[in-house]
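Before any comments, here is the structure.
Derivation of every value follows stated rules applied to the coordinates shown; laboratory data play no part. This structure is a prediction, so every number in the text was calculated from the model and none was measured. Cβ placement follows ideal geometry from the backbone for every residue including glycine, while neighbour counts extend to all protein chains displayed.
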Amino acid sequence: MNKLSSLLSLSFATFFLFSCEKEEIEPNINAEVVSESRGTYCNEYSYFNKVSGPVSFGSARGGVLLVGFQEGLSMEARHQILSRYSQFKSIDGEIFMDSGVITRVNLTPWSTCSDVERLMERLKREGAVSFAYPFFEPQTTDPTEAWVGSSNEFMVSIEGNGTYEQLEQLMARTNTKLVFSFSDDIHLLRADKFSTGNVLTICSIFNQQSFITVAEPNLVYHIPDGTTPVSEVPVGTSKTRGKGMFKRFKK
């Protein structure tokens, strides 16, 4: 009887330990996950452009992050929110966009793309945070090459194919908002944590619509030369738009 009780106790203990360990295993995030181990993952960021085809930016750059807070939130309040996270090191500056201010955040130097992904997800649960986006891992080894990051803005053309009423309906479905219009056909929109995916996902969705001529993300650049802490290029300039169709539009 004692031997049977011991066996039952051992079996119960083994089952209990296995169940606890299983609960710690994180589920698959989505189809974009390219590397995953116990509790770690890194996304490959890309979107579909109707004009140029698939556009890839790679994984998130470790050590830095772009965060959008509620309008009017003080620098002190932003610092208090960020300081609750162990990866946070300092606030390195602000990027002034047409839709608002983006806070550039330095993380601990050993932080990886996985740390950035996790922190972005956690920050989006903060009521005072509107969005969190990464800088992307550099495509070259040149230390003076500008860092490319994702803002919350994107530009949309409906030239010759669509109407503003159709665009309004699509904005409602994706929970995106109009920032302003360059013309009847060219519009600047923004997304936040309540939108149907991040800005790149949103651009892919827009580019799949027949009435959309093209949709492109509004990227931001940081030049690590020690003279300009944050390089933010105004919307519509050739540098912001790169080789995209919107490079000819200026404010």
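With the simple spin-label model, which puts each label point 7 Å out from Cα in the Cβ direction, the residue 44 to residue 175 separation comes to 2.8 nm.
Once R0 is set to 35 Å, what does the formula 1/(1 + (r/R0)^6) return for the Cβ-Cβ distance between residue 77 and residue 223, expressed as a FRET efficiency to the nearest 0.05? Taking R0 as 35 Å, the efficiency between residue 77 and residue 223 is 0.80.
Debye sum, Cα scatterers, the stretch 160-206, no solvent: what log₁₀ I/I(0) at q = 0.24 1/Å? Once normalised to I(0) and log-transformed, intensities are -0.90. Were the residues from residue 98 through residue 168 laid out at 0.36 nm apart, the gain over their Cα-Cα distance would be 23.2 nm.
Please list, in order, the residues from the stretch 76-90 whose amide nitrogen is less than 11 Å from a point placed 7 Å along the Cα→Cβ vector of residue 122. From the stretch 76-90, the list is 82-88.
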